[in-house]
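Report on the following structure.
The values are calculated or read from the model by the stated rules, or taken from the named source; none is laboratory data. The structure displayed is predicted, hence computed values, not measured ones. Here the Cβ positions follow ideal geometry from the backbone for every residue, glycine too, while neighbour counts run over all protein chains shown. What goes into the accessible areas is simple: the full protein's heavy atoms, side chains included, and nothing from ligands, DNA or RNA. Shrake-Rupley method; radii C 1.70, N 1.55, O 1.52, S 1.80 Å.
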Amino acid sequence: MLIDTHAHLDFPDFAPDLMEVLARASAAGVDRIITIGTSVESSRRAVELAKASHRGDLSIPDAPPLPRIFAAVGVHPNSAGQADRHFIEELRDLAKNPEVVAIGEIGGDCHRPPADEREAAETRAVQAEVFRLQLDLAVEQGLNAVVHERDAWTETLAILSPYQGRLRTVFHCFGKDIEHARELLGQNHLVSFTGIVTFKNAATVQETARLLPEGQFFLETDCPFLAPVPRRGKRCEPADTRLVAEHIAALRHTSLDAIASQTNTQAEKFFRFPG
Ligand SMILES: [Zn+2]
């Protein structure tokens, strides 16, 4: 069975047909999904979904069981500027729920910096502060963190460095070469792969997925984004974890079962799913 370690089930894209989406995930062999918050509101919705799942409210009569949903709570770097000064208290309350298995997604994103030099510096400073506060929260709550890093590699590693030994992180939607991946593993962090690994122009990340040591990565969809080939361009959903897993199994000349069991063992250690 597979785990989609990074989905955005609270996004409006899934509102019309969430139950069908979950049923397709189950049919594809996905039995656990972590839905990831991107703001306080999104994190609250993620926790609600996880609670509904654990109460048994998300089920279809006379059908196979739907995947169990867990939540990560956090403010995405691109939402850091909108976080009000109480955001960390609100996240703390959410993080205390037993269905919450990580703080995320948090990190740094300098992909589209403001043109104005001062404004860009201010954006970086706000992102860094929001990131640090959430790493502190993760340590305090005994949780690991899901990191979003885009064009902010040096800054992100510098912020993480003093946390070594106190928490681990996974760099989600990893797209860099094996040297960058090894740098993270060397600091006890992990990476995870989305449908990008199936794209024709993704030779670098395919090479990384081929060369990484066993069990040092997770599978994810980042749905509704990044649907793997042959569904590229469509709405991605947790069932697509299977396409990601099959592609990585082929790259590594191993079986889907082997990839599933290696990634699950590490994910269970990292996220410590409750009961
Ligand atoms: Zn995401």
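Values as computed for the structure displayed
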read-out: Cα centroid separation - the stretch 167-201 against the stretch 208-275, whole Å; value: 12 Å
read-out: Two-site FRET efficiency, Leu256 against Thr204, from Cβ-Cβ distance with R₀ of 30 Å, rounded to 0.05; value: 0.80
read-out: Solvent exposure ordering (accessible area, 1.4 Å, most first) of Glu214, Glu129; value: Glu214, Glu129
read-out: Cα lying deepest toward the dipole's positive end in the stretch 2-271, options Val197, His253, Trp153, charges on Cβ; value: His253
read-out: From phi via Karplus (6.51, -1.76, 1.60), per-residue ³J(HN,Hα) for the stretch 60-77 in Hz, x at Gly/Pro; value: 10, x, 6, 10, x, x, 7, x, 7, 9, 10, 10, 10, 10, x, 10, 5, x
read-out: Size of charge dipole - the stretch 21-124 - debye, nearest 20, with Cβ of Lys, Arg +1 and Asp, Glu -1, no other charges; value: 360 debye
read-out: Long-range HN-HN contacts of Thr221 with modeled amide H, under 5 Å; value: Thr5, His6
read-out: Long-range HN-HN contacts of Ala71 with modeled amide H, under 5 Å; value: Thr35, Val100, Val101
read-out: Relative contact order (percent, whole number), the stretch 2-271, Cα cutoff 8 Å, 6+ residue spacing; value: 19 percent
read-out: Ordering of 12-18, 1-7 by burial proxy (mean other Cβ atoms within 10 Å per residue, highest first); value: 1-7, 12-18
read-out: Full-extension gain in nm, Leu211 to Glu119, via 0.36 nm per residue minus C-alpha separation; value: 29.1 nm
read-out: Distance in nm between pseudo-label sites at Asp62 and Asp136 (7 Å out along the Cβ direction from Cα); value: 5.6 nm
read-out: Computed label-point distance, nm, for sites Ala15 and Ile178 using a 7 Å Cα→Cβ extension; value: 4.6 nm
read-out: Arg132 accessible area, assembled protein chains, probe 1.4 Å, Å²; value: 100 Å²
read-out: Largest to smallest accessible area among Leu66, Leu22 [probe 1.4 Å]; value: Leu66, Leu22
read-out: Cα gyration tensor shape of the stretch 2-271, rounded if a/c is under 1.5, else prolate or oblate by comparing a/b with b/c; value: oblate
read-out: Inter-label distance for Arg232 and Met1, nm, one decimal - labels placed 7 Å from Cα along Cα-to-Cβ; value: 3.2 nm
read-out: About the Cα centre, charge dipole magnitude for the stretch 2-271 (Lys/Arg +1, Asp/Glu -1 at Cβ), debye; value: 500 debye
read-out: Span-like helix ranges in the chain, DSSP H, alpha carbon extent 30 angstrom or more, Kyte mean at least -1.0; value: 117-141
read-out: Peptide ranges 172-182, 252-262 listed from the most packed, as the mean C-beta count within 10 angstrom indicates; value: 172-182, 252-262
read-out: Peptides ranked, highest mean first, by Cβ atoms within 10 Å: ranges 216-225, 71-80, 87-96; value: 71-80, 216-225, 87-96
